[in-house]
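Inspection log for the structure reproduced underneath, given as structure tokens.
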Amino acid sequence: MIEDLQDQLVQKLDLLHDEEYRFRCVMSLPIACLVYLACASAANALFPRTVIERGARPPVYSWWRFDTDINWSLVGVLAGTPMIQLFHRGCDKYGTASGMRLYKDPLEHGLAWAILQLPIYLILWDLTFYLIHRFVLHGKWTYRYLHSSHHAYCPPTAWSGIAVGPLDVAFEGILPYTLPLFCGLPFHEGTVYAVNALLTFHACVLHSSCHRDYAELHPLLGWLLISPIGHNMHHNYGERNACNFAPIFKIFDRAFGTLNQGEPFWWESDRKAAKLKAATKAG
């Protein structure tokens with residue numbers, strides 16, 4: 001076991017000098033930034049929220065402060081993208097010896113698996129995020145030095161959907177993305193990329209002022225999926241008494257007793273702002 005870990009570490013270090021890996025980083029970095037900006041712009045246009053910079057709350061926009069919603073998100077993207085490409089290039093170069101089974105032909109494992117892999121990957125992604133978010137990032141030391149900067153965005157906005165620092169991104173962005181790839185199941189590389197791009201948009205909506213509950217679409221969706229009010233409620237707390245750790249499904253929070261279906265204190269202000277905006281347009 002120790003020898004296997006040593007071999008994988010040597011592989012990863014070798015990849016840092018790999019020309020193809022460097023090329024993939026150069027190509028993927030601007031794409032990742034554009035994906036974030038497009039997702040956050042769309043979510044903010046649909047569900048805007050005006051916040052006031054005070055106390056620990058950074059401004060949403062600033063040319064000179066690095067900790068704004070947008071700038072800190074871009075810092076996380078720039079730090080996390082090379083980490084992601086390290087795993088993808090490792091799988092390309094070493095195949096199954098890397099511990100991953102990413103494949104490129106969509107029908108290599110049949111149509112049934114091409115469809116079934118989607119919910120399986122999402123469940124594994126969400127479970128990984130839940131466990132890390134609850135038991136690692138909300139620990140006393142890790143919350144203070146890694147995760148508290150994300151909770152400073154209170155109330156959050158669509159722009160702060162992925163506003164995590166260069167160390168926090170390893171726990172919130174990289175491990176949920178990559179650990180499911182080591183479970184022994186094959187996953188299509190394009191599917192993994194597409195799902196995580198969609199999850200970027202999902203994260204931006206979760207942090208926005210969207211007041212639509214998925215139960216309005218169907219009771220089963222409301223029972224199964226966390227809605228923006230649920231994740232906004234998570235930002236209502238800090239290290240202690242936190243809830244709603246999973247960003248996709250309610251099943252893990254429900255199973256482990258951390259589901260909170262209340263409203264954050266700024267939810268009523270959102271309603272008033274929405275009514276005022278609607279009245280202004282009507283007038």
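The values are calculated or read from the model by the stated rules, or taken from the named source; none is laboratory data. If you're wondering where the values come from, they're calculated on a predicted model, not measured in any experiment. Cβ atoms come from the backbone with ideal geometry, glycine included; neighbour counts cover every protein chain shown. These accessible areas exclude ligands, DNA and RNA; they are computed on the full protein's heavy atoms, side chains included. Shrake-Rupley method; radii C 1.70, N 1.55, O 1.52, S 1.80 Å.
Across segment 1-153, the mean sequence separation of Cα contacts (distance under 8 Å, 6 or more residues apart), normalised by length, yields a relative contact order of 23 percent. How many nm separate the modelled label positions at Y103 and L220, each set 7 Å beyond the Cα in the direction of the Cβ? Taking the simple label geometry, Y103 and L220 are separated by 2.8 nm. Using only the Cα atoms of segment 115-266, build the gyration tensor, take square roots of its eigenvalues as a ≥ b ≥ c, and label the shape rounded, prolate or oblate: rounded if a/c is under 1.5, else prolate if a/b is larger than b/c, else oblate. Verdict is oblate for segment 115-266.
Annotation: amide H-H contacts under 5 Å for F249 (H modelled 1.01 Å from N, sequence separation of 5 or more, or interchain): I226.
A 1.4 Å probe over all protein chains sorts K272, K281, K93 by accessible area into K281, K272, K93, starting with the largest.
For segment 170-283, calculate the relative contact order in percent as a whole number, restricting contacts to Cα pairs under 8 Å that are 6 or more residues apart. Result for segment 170-283 is 17 percent. Using C-alpha pairs under 8 Å with a sequence gap of at least 6, the mean separation divided by the residue count of the chain gives a relative contact order of 21 percent. At a Cα cut-off below 14 Å, give the aspartates and glutamates reachable from K250, other chains included and same-chain residues fewer than 8 away excluded. Within the straight-line limit of under 14 Å, K250 reaches these aspartates and glutamates: D126, D213.
Taken about its Cα centre, the chain carries a charge dipole of about 1100 debye when Lys and Arg each add +1 at the Cβ and Asp and Glu each add -1 at the Cβ.
Cβ neighbours within 10 Å, averaged per peptide: list 247-260, 194-207 in order, most packed at the top.
The most tightly packed comes first, giving 194-207, 247-260.
Taking one quarter of the surface of the C-alpha convex hull of segment 10-71 gives a mean projected area of 6.7 nm².
When shorter helices are ignored and each DSSP H run of at least 4 residues is given -39500 (n - 2.57), the per-residue value for the chain at 222 nm works out to -17000 deg cm²/dmol. Using only the Cα atoms of segment 29-116, each taken as one equal point scatterer with no solvent, compute I(q) by the Debye sum, divide by I(0), and report log10 of the ratio at q = 0.11, 0.26 Å⁻¹. Summing over Cα pairs of segment 29-116 leads to -0.54, -1.25. Normalised per residue, the accessible area of the chain is 52 Å², obtained with a 1.4 Å probe and no contribution from ligands, DNA or RNA. Matching the structure-derived Cα extents along the principal axes in Å against the labelled list (i) 50, 43, 38; (ii) 75, 43, 43; (iii) 63, 45, 39 gives the label (iii). Projecting the Cα atoms of H202, T68, A114 onto the charge dipole of the chain (Cβ charges, centred on the Cα centre) puts T68 farthest toward the positive pole.
For E19 and A278, what is the calculated FRET efficiency with R₀ set at 45 Å and r taken between the beta-carbons, to the nearest 0.05? Walk me through the numbers on the way to the answer.
Values: r = 55 Å, r/R0 = 1.23.
Efficiency for this residue pair is about 0.20.
With K and R counted +1 and D and E -1, the other residues having a Cβ less than 13 Å from that of S269 yield a net charge of +2.
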